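**Student:** My questions will all concern the structure given below.
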Amino acid sequence: MAAVTEKSETGNRLRDRVLTGAALALLFLFLAYAERGVSPYYVRILNNVAIFAILAVSYNLINGITGQFSLQPNGFLAVGAYTSALLTLSPEEKLRSFIIEPMVWPLSQISVSFPLSLLIAGLVTALVALLLSLPVFRVRGDYLAIVTLGFGEVIQVLANNLVSITNGPLGLKGLTPYTNLWWSWGICVFTIFCTMRLINSSYGRAMKAVREDETAAEAMGINAFWTKSLAFSFSAFFQGVGGGLLAHLITTISPTLFTFFLTFNLLIIIVVGGLGSTTGAVIGAVLFSWGGELLRPFEEPITVFGRSFEGIPGMRMVIFSAILILVMLFARSGIMGRREFSWQALIDWGRGIGERWRRRA
């Protein structure tokens with residue numbers, strides 16, 4: 001009996017890998033078509049979806065999986081965006097951009113490739129997170145939220161005042177638009193893969209234990225501080241990479257881009273998708289990035305039964321807010337709760353629908 005069960009589980013794992021490989025192949029075939037077959041407007045939306053999915057999945061690791069209410073993503077995005085942007089600009093471009101004060105040496109002479117800049121941006125952001133974790137995780141709950149919120153504000157102030165490094169309020173302009181569908185979605189898939197591997201490992205189980213009861217987890221021998229620091233740094237790495245992708249998508253960055261509003265958007269995404277669910281974070285990112293664009297017609301003039309109505313500026317955000325309220329009323333744990341996507345659940349769901357259709361026939 002045990003041998004039959006083991007054989008069945010092996011078969012299911014093989015089936016899941018084949019289906020996952022097929023899904024990824026279809027995704028990249030679609031991206032190959034989208035790169036040439038759709039308008040730049042939709043390509044931009046697809047890039048935004050991928051970048052917000054990276055940010056949401058990584059943010060969900062510390063907030064949803066580890067249960068630490070932190071409000072610092074805008075700070076980490078700023079660190080990653082500025083690091084990647086400064087490293088890809090050529091010395092001549094830096095000389096032209098820094099008109100208030102010349103850029104400090106040796107940053108003024110360093111110029112690296114886009115992939116290397118993303119890697120360095122992630123590592124620098126992870127290092128900042130590791131150093132920040134030393135004082136941050138001495139507190140819990142609401143106090144932790146206040147401390148991390150303050151960090152995001154400090155980063156924005158530093159970006160404004162370190163003129164010889166960040167170019168101050170003028171920001172950085174004229175970045176090369178390196179970010180395309182292959183980079184954004186490739187890194188998105190890699191982020192999801194790495195995050196799921198971590199969650200399903202012994203470290204991920206330790207993070208969930210800390211989320212449920214930190215005192216009990218420590219009594220069982222789990223080093224809560226190290227576990228939270230690991231989740232914080234891992235999350236920061238991909239947020240830094242996401243910041244680099246965002247910088248080279250919009251090709252211009254300034255301190256005003258990295259306000260708390262950005263963190264607030266990510267918080268909405270992971271709460272609506274389901275705190276603790278990577279699948280929910282991805283679904284929330286898709287709904288947030290694409291849904292806002294689908295509601296744009298409500299701000300444009302329309303004709304109903306021969307009568308013309310002028311568009312109402314901001315109406316799409318009113319409708320979007322109403323949708324969020326309905327989701328929170330009828331799905332209080334979010335769309336996915338703490339559940340994850342599985343091929344077996346999808347197959348069982350399809351079989352259930354097929355069975356109901358046969359009964360009706």
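**Student:** Considering only helices (runs of 4 or more DSSP H) fully contained in the range 52-150, which possess at least 1 residues that are closer than 15 Å to Phe234 by Cα, in contact (Cβ under 8 Å) with a residue 12 or more places away in the chain and aliphatic (A, V, I, L, M)?
**Tutor:** Ranges flagged: 73-88, 114-136.
**Student:** Condition test on Ala56, is it modelled with pLDDT of 85 or more, out of contact with any strand residue (DSSP E or B) (no Cβ under 6 Å at 6 or more places or on another chain), closer than 23 Å to Met207 by Cα and surrounded by 15 or more Cβ atoms within 10 Å (Cβ to Cβ)?
**Tutor:** Considered against the rule, which asks whether it is modelled with pLDDT of 85 or more, out of contact with any strand residue (DSSP E or B) (no Cβ under 6 Å at 6 or more places or on another chain), closer than 23 Å to Met207 by Cα and surrounded by 15 or more Cβ atoms within 10 Å (Cβ to Cβ), Ala56 comes out as yes.
**Student:** Residues that are under 26 Å from Phe225 (Cβ atoms) and of a type in the set (A, V, I, L, M): does the range 80-98 have at least one?
**Tutor:** The answer is no; no qualifying residue exists.
**Student:** While we're here: Quick test for you: out of Arg307, Arg351, pick the one residue that is over 30 Å from Leu14 (Cα atoms), over 23 Å from the mean Cα position of the chain (by Cα) and charged (D, E, K, R).
**Tutor:** The conditions single out Arg307.
**Student:** So, one more: Are any residues in the range 177-234 free of Cβ contacts under 8 Å to residues at least 24 places away in the same chain and basic (Lys, Arg), and if so, which ones?
**Tutor:** Arg197, Arg205
**Student:** From Leu134, Leu144, which residue is of a type in the set (A, V, I, L, M, F, W, C), surrounded by fewer than 17 Cβ atoms within 10 Å (Cβ to Cβ) and at negative phi?
**Tutor:** Unique residue meeting the criteria: Leu134.
**Student:** OK, next. For the range 183-221, how many residues meet the condition of being crowded, with 16+ Cβ neighbours inside 10 Å, over 30 Å from Phe28 (Cβ atoms) and aliphatic (A, V, I, L, M)?
**Tutor:** Residues that pass the stated criteria total 5.
**Student:** Out of Ala236, Ala231, Ala216, which single residue is more than 21 Å from the chain's Cα centre (by Cα) and part of a helix (DSSP H, G or I)?
**Tutor:** Ala216
**Student:** From the list Leu19, Leu29, Leu61, which one is modelled with pLDDT of 85 or more and buried (at least 21 other Cβ atoms within 10 Å of the Cβ)?
**Tutor:** After ruling out the rest, the residue left standing is Leu61.
**Student:** Under 6 Å between Cβ atoms, which residue pairs at least 6 apart in sequence (or on different chains) link something in the range 311-334 that is on the phi < 0 side of the Ramachandran plot with a partner that is modelled with pLDDT of 80 or more and assigned to a helix (DSSP H, G or I)?
**Tutor:** Filtered contacts from the range 311-334: Val327/Val272.
**Student:** Taking the range 73-111 only, how many residues are over 27 Å from Thr259 (Cα atoms) and of a type in the set (Val, Ile, Thr)?
**Tutor:** Here the count works out to 1.
The values are calculated or read from the model by the stated rules, or taken from the named source; none is laboratory data. Please read these numbers as outputs of a predicted model, since none were measured by experiment. Quick reminder, even Gly has a Cβ in these numbers, built from the backbone with ideal geometry, and neighbours come from all protein chains shown.
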